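See structure below.
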Amino acid sequence: MSALPARSRLTRWAPLLAASGLAAGAAVVLRHVNPYVSGNPLPGCPLYALTGFYCPGCGSTRCLYSLVHFDLPGAMAMNPLLVISLPFLFLMLLNTAGVRPRVLNPLMRVLASPTFWLWLLPGYAVLRNLPWEPFTALAPV
């Protein structure tokens, strides 16, 4: 039994390390910059600015700001799909790094399927733009 070379181990863990670094940087920024205040330096959604329609990512900055400040209801009000998806995205990164508990194999097959995301994200975008209850709860407040 031979050990993996250090280079391949680093390559395996690189996506998780990069995502962790980006998450830490985003947390530092969102700890100090309030996206709810007008004139903040954070960019808005270009799709919403051009069309007035919410994309699947609309409200993500305010959602992450709320999460960094431990405001789960505020985060859910901005982008519930992001809040629900974050643990699954973390599991997908662990899966990429080679951490694959057998019990999660069926879930990983679904999450790794591009078809799943190609239905989920546009479907969420359509639903959050519908003007009726309960769909209005999906739009950022």
ask   = Rounded to the nearest 0.05, what FRET efficiency is calculated for N40 and L120 with R0 set to 22 Å and r the Cβ-Cβ distance?
value = 0.15
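Rounded to a whole number of µm²/s, how large is the Stokes-Einstein D of region 1-96 at 25 °C and 0.890 mPa s, given Rh as the Kirkwood radius over C-alpha pairs? Provide the component values of the computation, followed by the final result.
Details: Rh = 15.4 Å.
The Stokes-Einstein estimate is 159 µm²/s.
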remark   = Taking Cα atoms only, helix 6-32 is inclined relative to the longest principal axis of the chain by an angle, in degrees rounded to 10, of 30
note = Taking 0.36 nm per residue of separation between V141 and T11 and subtracting their Cα-Cα distance, the length gained on full extension comes to 42.8 nm
note = Taking Cα pairs closer than 8 Å and at least 6 residues apart, the relative contact order of the chain in percent is 25
ask   = How much of T115 can a 1.4 Å solvent probe reach, expressed as accessible area in Å² and rounded to 10?
value = 80
message = At 0.36 nm per residue, and after removing the present C-alpha to C-alpha distance, how many nm does the segment from H32 to L104 gain when stretched out fully?
response = 22.3 nm
message = I'd like the accessible area for Y65, computed on protein heavy atoms only with a 1.4 Å probe and all protein chains in place. Round to 10 Å², please.
response = 40
task = Give the calculated FRET efficiency between E133 and A18 to the nearest 0.05, with a Förster radius of 30 Å applied to their Cβ-Cβ distance.
result = 0.15
ask   = Among N79, N95, N40, which one shows the biggest mean-square fluctuation in a GNM of the chain, springs joining Cα atoms closer than 10 Å?
value = N40
query = Counting other Cβ atoms within 10 Å of each Cβ, which trypsin sites (Lys or Arg not before Pro) in region 59-141 have at most 14 and sit in a DSSP loop?
reply = none
key: In nm, spacing of pseudo-spin labels at F53 and L89 (7 Å Cα→C-beta vector)   = 2.2
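The values are calculated or read from the model by the stated rules, or taken from the named source; none is laboratory data. Remember, predicted model here, so these are calculated numbers, not experimental data. Note: ideal-geometry Cβ built from the backbone for every residue, glycine included; neighbour counts use all protein chains shown. Remember, those area values only see protein heavy atoms, side chains included, never the ligands or the DNA or RNA. Shrake-Rupley method; radii C 1.70, N 1.55, O 1.52, S 1.80 Å.
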